[in-house]
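Chemist: If you scroll down you'll find the structure; I have some questions about it.
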Amino acid sequence: MAQRTAVQVAVLGGGVVGCAVARQLAKRGKDVMLLEQSVVGSGVSAGNTGIACTMLGVPKDSLEHRCLSRALPRNVPTYRALGVPHRETGALYVAWTDEEAEALETLERSTEEVDLQRLSPEELKDMEPALSPSLGGVLVPGEVTVDPGLVVLAFAAEAHSLGAQIREHCEVSFAGRYGEAWLLQLPDETLLAEQVVSCTGLSAALWDFSELWFQPRRGDYLLFQRPSPHSLAPLGRPIGAVPTPHARGVYVWPTVHGDVLCGPTNVPQADQLLPKPSDATLDALRRKAISVCPALAGWPVAGSYAGLRPALADTFGTDYLLNSSKNWTSISGVRSTGLTASLGIAQEVLERLTNAADGRLPDESPEGSAFRLPSLEQLAETYASSGCVEAAQRRWYVAHPQTALGLATTAQTPWMPGHVSRSGSAWWATSYDAGAPLRSKRSELSAQSLLKKQKTKILMHQVIEKQKLQRILKDIMTLEAERKQEAAEIDPEAVKAKADENIKALDISMSKNMTTALATRMQVMRHDEEMPELGDIEALRVKSLHDAYGDAVALVGEQRDRDELKECLARPFWSLRLLTLALGFAAIAASFTLRQARVTSVERVRDIEGEFMEEWKFEEVKLDSGDEVYDVLFNQTLFECIEPVKADAVARGRCYDEIFARQNKCLDLRKEDPPASCHRTVQCLKGKKEEKGLNPCDWLCTGKGDQAFVKDACSKSLYDAELWSGKCLDSGYHEKSRKAMQEANRLSQQCSDDASSVQKEVGSNFFCWALVVPWTNEVDLLLMQQRLQKGIFECDAHEIYSDREMHIGTIKTVKVDTDLHCKMNKMTLTVENTRIFRAVWRKVLDRMVWKNYDWTVKADLDSVFVPTRLLNYVEGDKWIQDHAQTGTGLWLNNCWRGLHGPIEVLSKRAMQIYSDRWTQCHGTKMAYPQEDVYLMECLQHLGIWKADVKHLLAEDHCDHHDYYKCEGNFVAYHPFKEEKNWMTCRDKLSSIDYNNELAA
């Protein structure tokens, strides 16, 4: 069997993010193992640009922005401390057309956090003499050119030097829960990890345990190789087009080694295949490079490479996703900024794992690192001889083409591309004649060959399934061989003699009737330490009869083999489907002989017991338990089980066996205070699932104020009812129990009647929020509610969201990056607003105000919402109180048709589950256009409990056609779009509540 290893943290993925996470954890003293299915730095990380960018064009309230803001101050000091080649040159974004010049002006006005320096065409020419004429541009001083391959190797090597284990060519075939930890199946061993961090790039959908899906974007690069090691690049810094929120355009830039690159393209594709780029694509890149820098026309083209950016589909937005659940943390959606943000992402992950009390840990300084890469010349020398580099007493494969080309040119050796084709990146050697299309030198890496390799990768999970099945079948064959070997070593005569000795020692005689002997022998078997506890009744029957010990030995051996096989097959990291299939093979392989022996044994039993059938009669068992009622119930249950099957000795024996096995458990129920009722005791002896009834006293009485006395009286009556229900030998016990229960129900109903008239303190535990559409009359409704301090302003905390920051009275809205325009469905006459409210709910979750309050309420501004009534319902319902903050929490359903949007109420625990798993609600199954239907289906999909509150909402769509009268005790009335009507309804409700308070 495979060995098992245990670590504190397992990091999946050896790209730049995974290595940064492993390094950060190792620096904190964690026991870390990094698992990479290929080599460190391959995959998506082998297809990036090597430019550490700024926050230019990144949304301010995004996770990507937060990670970048934490990483930027640390990047250059870390590169310097680790000896990673880098150049702090800044970058130029140049306008070549009038449209790009206008876009640059807009970018300059809208950017506050990034230092931009506007340059005229003359200033650009002075800064970059080889640049072709332009219309001006901007300088971004903070951008850094770095060797992307050595960044990853430096992170991994430092983690390795700090004690982290780096496993390459180590693919995880399966992961499963093991208590609070995770079991990961590796090729040669099983890994037990307390926590797992998944940084798997394009494979994130496999390990995020949610319905993520990607729309990869392909980027192609063209490499211009310097003519000699001493040649200087014609450009001094990256030259880029005007960046957009979705892409940064095509760059032309010098690498840290002096070569020049042009790229990347930005082409969405439906799959993760990387065929060789077309000649037209490479020709377009060359023309682009020459148009930016005409001097590149004389530079040779060394080759090209391509990478896939793991961009999530549009429905997930453009931000990173960082999910944590059950000690499994996954980072996905990391796009072109991953190299720059990797140190910030590592810090965010570390905080998730350590559960920092203040939410943030201090960023650790890179200074003082004991590790440093060897010099570039030393790395180039090692690479020239072996194709690898040495660092931290270990050899590392060079996976990034920029690094490989730079090291090859430095060592004056030929560049050898084409031998690496990883998931997420690929590179090719090319020959290029000016003005001629590109051609491949390596025909074996044709597009057809690459397609086959990538398809093999995509279908790898099917191979993994087959491998698991093969391992299971191998285990079955091994156990079957062991079973045969053990069977050959068993001496039936020795076992028979030992059993005879045990039975004779207890002076058991077979001279009495069959039933008495059988019951006694069954008890002897249970207390015999040398014999296993058997569940097979036929085996017990054979052992109880005369000299059938040989058959018993065979059955015991078969039973042991089956138990071992089930234990082997019940490993938690095998899927249920494979386990079921394996158990089917097990039943065939391990039970054939048992079935034959069982048939023979049963026939012998029936032949022998046939002699005793005419004499058999039921005899009560003397238990002497000290509880007369229990003794009677036990024998009564035993008789009821045996009487219908008294002609079948096997069935009679099963009755004895099963009821005796439950004896201690059921007797303990009778020792409770009050003792278990007769019905409950009989149900226990019959092995039926115990269903305790509802306690009406705890359910309806709060135990506060006047209800405390009522609850005590109710509990006393309930105790008497349960006490009498257990005295079933006394005359009139049933009538006395019934009257006591009636009194308990009457008192509990008195609590229920009182609860509806008790007013609670306003807004003591509610966080309420609303969305305002600026061009509608919702602004006027909001101003009115603020002035009156009604609606959501009666809650303990409130926030208003919109698509922009604006001041409405004294309120400042929270901006949500989404368009509030949506269409009306002409068939259902409902607004298709799921996209909008999904973005707003995510903003609510990210701001985490809800964590300080018991309930979160989303209320439409045209709903007349009374928080005091909601408080009465959630505090007056015992079931809601018991379940709101336990398990998966609660959401309140406001209509018999399903959740309606005017008011949506979730407990804090439900909000926590929603926050942790909201990404699981994306996909075609959740593509409901109405936000309330989407939210309801999402909460049910996440397993959050539902509580139906029929007086939560009055509106026409829920068959409350007279909602406009504002009558009854509803929490919210909808819709009231005019200020006058809203205020009239609210005044009427206040009057009703005031009169109820006076009456109380």
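Coordinate-derived values only; no laboratory data. For clarity, every value in this text was computed on a predicted model and none was experimentally measured. Note that we place each Cβ from the backbone using ideal geometry, even for glycine, and neighbour counts take in every protein chain shown.
Chemist: Quick check: residue separation of MET848 and TYR719 times 0.36 nm, minus the Cα distance between them. What number comes out in nm?
Modeler: Extra length from MET848 to TYR719 when fully extended: 41.9 nm.
Chemist: Test of understanding: what is the full-extension gain from LYS125 to THR886, defined as 0.36 nm times their sequence separation minus their Cα-Cα distance?
Modeler: So the chain would gain 267.3 nm between LYS125 and THR886.
Chemist: Across segment 20-165, how large is the tail of the calculated P(r) beyond 20 Å, expressed as a percent of all Cα pairs?
Modeler: More than 20 Å apart: 60 percent of the Cα pairs in segment 20-165.
Chemist: Another question about this same structure. Under the rule a/c < 1.5 gives rounded, and otherwise a/b versus b/c splits prolate from oblate, where does segment 848-973 land using the Cα gyration tensor?
Modeler: Because a/c hits 1.5 or more and a/b fails to exceed b/c, segment 848-973 counts as oblate.
Chemist: Moving on. Can you figure out the FRET efficiency of LEU729 with GLU619, using R₀ = 30 Å and their beta-carbon distance, to the nearest 0.05?
Modeler: So, using R0 = 30 Å, E works out to roughly 0.90.
Chemist: What net charge do the residues around CYS822 carry, taking every other residue with its C-beta under 13 Å from that of CYS822, with Lys and Arg at +1 and Asp and Glu at -1?
Modeler: Spelling it out: positives minus negatives among the neighbours equals -1.
Chemist: Could I have the simple spin-label model distance between SER386 and ASP668, label points 7 Å from Cα toward Cβ, reported in nm to one decimal?
Modeler: Output for this residue pair reads 6.3 nm.
Chemist: Report the FRET efficiency, 1/(1 + (r/R0)^6), for ARG738 and ASP993, where r is their Cβ-Cβ distance and R0 is 35 Å, rounded to 0.05.
Modeler: The calculated FRET efficiency here is 0.30.
Chemist: Here's another thing I want to ask about it. Within segment 780-809, find all residues whose amide N lies under 17 Å from a label point positioned 7 Å from the Cα of VAL773 along Cα-to-beta-carbon.
Modeler: Under 17 Å, as judged by backbone N against the label point of VAL773, lie 780-783, 801-804 of segment 780-809.
Chemist: Could you please state, rounded to a whole Å, how far the C-alpha centre of segment 47-118 is from the C-alpha centre of segment 231-293?
Modeler: Answer, in whole Å: 17.
Chemist: Could you give the nm distance between label points at HIS951 and ARG394, where each point is 7 Å from its Cα heading toward the beta carbon?
Modeler: 6.6
Chemist: Can you list residues from other chains, or at least 5 along the same chain, whose modelled amide H is less than 5 Å from the amide H of PHE174?
Modeler: Amide H neighbours of PHE174: GLN185.
Chemist: What pairs in LYS812/LYS843; LYS858/LYS950; LYS790/LYS812; LYS711/LYS851 have C-alpha atoms more than 22 Å from each other?
Modeler: LYS711/LYS851
Chemist: What fraction, in whole percent, of alpha-carbon pairs in segment 96-242 exceed 21 Å separation?
Modeler: 69
Chemist: Any chance you could run the full-extension gain for SER110 through VAL831? It's 0.36 nm times the residue separation minus the Cα-Cα distance, nm to one decimal.
Modeler: Between SER110 and VAL831, full extension yields 256.3 nm more.
Chemist: So how far apart, in nm, are the two label points at ASP98 and ASP61 if each is 7 Å from Cα heading toward Cβ?
Modeler: 3.7
Chemist: Taking the Cα centre of segment 858-1000 as origin, work out the dipole magnitude from +1 charges on Lys and Arg Cβ and -1 charges on Asp and Glu Cβ, in debye rounded to 20.
Modeler: Using Cβ point charges on Lys, Arg, Asp and Glu, segment 858-1000 gives about 380 debye.
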